[in-house]
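The values are calculated or read from the model by the stated rules, or taken from the named source; none is laboratory data. Here the structure is a predicted model, which means the values were calculated and not measured. As a convention, Cβ positions derive from the backbone with ideal geometry for all residues, glycine included, and neighbour counts pool all protein chains shown.
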Amino acid sequence: MNTSIPFNKPLVNEAGRRYVAEALSSGKQSGDGPFTQRCHALLESLLGAPKVLLSTSCTHALEMTALLLHLQPGDEVIMPSFTFTSTANAFALRGARIVFADIRRDTLNLDERQVESLITARTKAIVVVHYAGVGCEMDVLLEVAKRHGIAVIEDNAHGLFAKYRGRYLGTFGGLAAQSFHETKNFSSGEGGALIINEPRFIEEAEVIREKGTNRSRFFRGEVDKYSWIGLGSSYLPSDILAALLLSQLEAREEIQSRRRRIWQNYYAGLEAWADQQGVGLPFVPGYCDQAYHMFYLLLPSLQDRQALIGHLRSRGILAVFHYLPLHLSEYGRRWGGKDGDCPVAEDVSARLLRLPFFFSLTDTEQAAIIDSICSFVPHHVRQQAYFQA
């Protein structure tokens, strides 16, 4: 059956069409044009960050953090196994050894209680991933990092404008990475940003982002010419992409309001069913203001997860699973990963299902999704009913 309700549908608003048209006709379509500068200024103002630099992806923003830390082969970086490959690749590319940690059962975030035991003399950084835009336990993680003199990097791909204890995610670590991929709350199709919270990184970050040159200083009139002064790459997005992104950042209250309503509708519509069927729903601690990035279910088993995917697909609804534990991947096993190392991540990965979630999802479409889910009975419940009959 053809899918009538996709998992995601990118947002393009009228301002976005207008801004892109302006960028196309401006004569300045390459990086760091006027729309890029407006995005930088807006994000710096909203987040209170010393510097924000747009990048071509969140992956590239993470690569920049690895370069800024001057990682060497054999250095170690701790991160959750339950994350996307980009989180690990950015540091593995510099020769770092990836040390995988397990996640909490409630928020599915890095389990802060395990981190200190994984720290060695070679540990250079802890990379936190704010899963589904719900903050990690940053108080504990920052205290551990400070005690051992190691950096904290935030992979905040899911969490722009979310807060932990009243403070924006992406502003805790010395460096943080954002994503503006089409599946994110705010999108330029492909894109990201490096958030710099420690000013000492700013000048070198500009060099890295500008292909290893001091061209940014040249354009500001601080030097009379620019040249190759260090390592770097081409991390600047086109100003056309920045134009699309700016339109959504400016509409952030409307976008977040709609996404909040979608999340709350899912929770209200599925809470009773989930309780009856032994299905887990997202957990958000009271001291966290989430980003309303996704809504997921934790089915009782892999069998149930796969059955529900098929059940929804037969009704034209696309729901998808998420990360496979990196420590069990073909490449992750090179660092000694084996079954049982991160039991929570291994369990959650097999049972988690993400539901369609996008700005233009209508109330009628969402009601159809909820009704379809509520008509599904997990295998263990059917078995109980059979034996009781």
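Among the residues of the range 205-226, write down those that are outside any strand (DSSP E or B), among the hydroxyl-bearing types (S, T, Y) and buried (at least 18 other Cβ atoms within 10 Å of the Cβ).
Passing the criteria: only S216.
Only one of these is touching a strand residue (DSSP E or B) at 6+ places or on another chain (Cβ under 8 Å), more than 19 Å from F186 (Cα to Cα) and not assigned by TED's automatic domain parsing to the domain that holds S233: I5, I98. Name it.
After applying the criteria, what remains is I5.
Which ranges mark the helices (runs of 4 or more DSSP H) fully within the range 76-152 that have 3 or more residues being within 17 Å of the chain's Cα centre (by Cα), surrounded by 23 or more Cβ atoms within 10 Å (Cβ to Cβ) and at pLDDT 95 or above?
85-92
Any residue in the range 251-270 that's under 14 Å from F295 (Cβ atoms) and touching a residue at least 60 places away in the same chain (Cβ under 8 Å): show its pairings with residues that are assigned to a helix (DSSP H, G or I) and not aliphatic (A, V, I, L, M) at Cβ separation under 7 Å, as long as the two are six or more apart or on different chains.
I262/Q366; N265/Q366
Count, please, the residues in the range 167-179 that happen to be part of a loop (DSSP other than H, G, I, E, B) and either within 13 Å of the chain's Cα centre (by Cα) or in contact (Cβ under 8 Å) with a residue 60 or more places away in the chain (or both). Reasoning before the result, please.
First pass over the range 167-179, keeping only residues part of a loop (DSSP other than H, G, I, E, B): 169-174.
Of the ones still in play, those that are also either within 13 Å of the chain's Cα centre (by Cα) or in contact (Cβ under 8 Å) with a residue 60 or more places away in the chain (or both) are 169-171.
Looking only at that region, the number is 3.
Return the residues of the range 232-262 that are under 28 Å from L68 (Cβ atoms), within 20 Å of the chain's Cα centre (by Cα) and β-branched (V, I, T); say none if nothing qualifies. Please lay out each step first, then the result.
Going residue by residue through the range 232-262, those that are under 28 Å from L68 (Cβ atoms) are 232-246, 248-249, 252.
In the following step, the residues that additionally are within 20 Å of the chain's Cα centre (by Cα) were identified as 235-237, 241-242, 244-246, 248-249, 252.
Within the range 232-262, none qualify.
Within the range 24-37, how many residues are touching a helix residue (DSSP H, G or I) at 6+ places or on another chain (Cβ under 8 Å), surrounded by fewer than 18 Cβ atoms within 10 Å (Cβ to Cβ) and under 17 Å from L249 (Cα atoms)?
So the first thing to find is which residues in the range 24-37 are touching a helix residue (DSSP H, G or I) at 6+ places or on another chain (Cβ under 8 Å), and the list is 24, 26, 28-36.
Next cut, surrounded by fewer than 18 Cβ atoms within 10 Å (Cβ to Cβ) only: 24, 26, 28-30, 34.
If we keep only those that are under 17 Å from L249 (Cα atoms) too, we end up with 34.
Final tally of qualifying residues: 1.
Quick check on F283: is it in contact with a Pro (Cβ under 8 Å, 6 or more places away or on another chain) and under 21 Å from C136 (Cβ atoms)?
Values: in contact with a Pro (Cβ under 8 Å, 6 or more places away or on another chain): no; under 21 Å from C136 (Cβ atoms): yes.
So F283 does not fit the description; no.
From L246, L169, which residue is out of contact with any helix residue (DSSP H, G or I) (no Cβ under 7 Å at 6 or more places or on another chain), buried (at least 21 other Cβ atoms within 10 Å of the Cβ), closer than 30 Å to F295 by Cα and at pLDDT 95 or above?
Numbers: L246 fails: out of contact with any helix residue (DSSP H, G or I) (no Cβ under 7 Å at 6 or more places or on another chain).
L169 is the lone residue from the list that is out of contact with any helix residue (DSSP H, G or I) (no Cβ under 7 Å at 6 or more places or on another chain), buried (at least 21 other Cβ atoms within 10 Å of the Cβ), closer than 30 Å to F295 by Cα and at pLDDT 95 or above.
Yes/no per residue for (1) at positive phi; (2) buried (at least 19 other Cβ atoms within 10 Å of the Cβ); (3) of a type in the set (D, E, K, R):
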position	(1), (2), (3)
C288	no, yes, no
D304	no, yes, yes
A319	no, yes, no
L324	no, no, no
G336	yes, no, no
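When the range 47-64 is examined, which residues are found to be among the β-branched types (V, I, T) and within 20 Å of G33 (Cα to Cα)? I'd like the intermediate steps shown before the answer.
Going through the range 47-64, the residues among the β-branched types (V, I, T) turn out to be 52, 56, 59.
Correct list: V52, T56.
Scan the range 316-346 for residues that are in a loop (DSSP other than H, G, I, E, B), more than 16 Å from S86 (Cα to Cα) and of a type in the set (F, W, Y) and jot them down.
Going residue by residue through the range 316-346, those that are in a loop (DSSP other than H, G, I, E, B) are 316, 318-319, 321-325, 329-331, 336-342.
Next, from what is left, pick out any that are more than 16 Å from S86 (Cα to Cα): 316, 318-319, 321, 336-342.
Once the filter is applied, which keeps residues that are in a loop (DSSP other than H, G, I, E, B), more than 16 Å from S86 (Cα to Cα) and of a type in the set (F, W, Y), the range 316-346 yields only F321.
With the requirement that a residue be free of Cβ contacts under 8 Å to residues at least 24 places away in the same chain and farther than 23 Å from I196 by Cβ, what does the range 66-85 give you?
Result: P73, single match.
Any residue in the range 130-157 that's touching a residue at least 12 places away in the same chain (Cβ under 8 Å): show its pairings with residues that are polar (S, T, N, Q) and assigned to a helix (DSSP H, G or I) at Cβ separation under 6 Å, as long as the two are six or more apart or on different chains.
Close Cβ pairs satisfying both conditions: I153/T65; D155/T87.
Test of understanding: among I229, I202, I195, which residue is β-branched (V, I, T), crowded, with 20+ Cβ neighbours inside 10 Å and assigned by TED's automatic domain parsing to the domain that holds A23? Talk me through it step by step, then tell me what you get.
Details: I229 fails: crowded, with 20+ Cβ neighbours inside 10 Å; I202 fails: crowded, with 20+ Cβ neighbours inside 10 Å.
Criteria check complete, one pass: I195.
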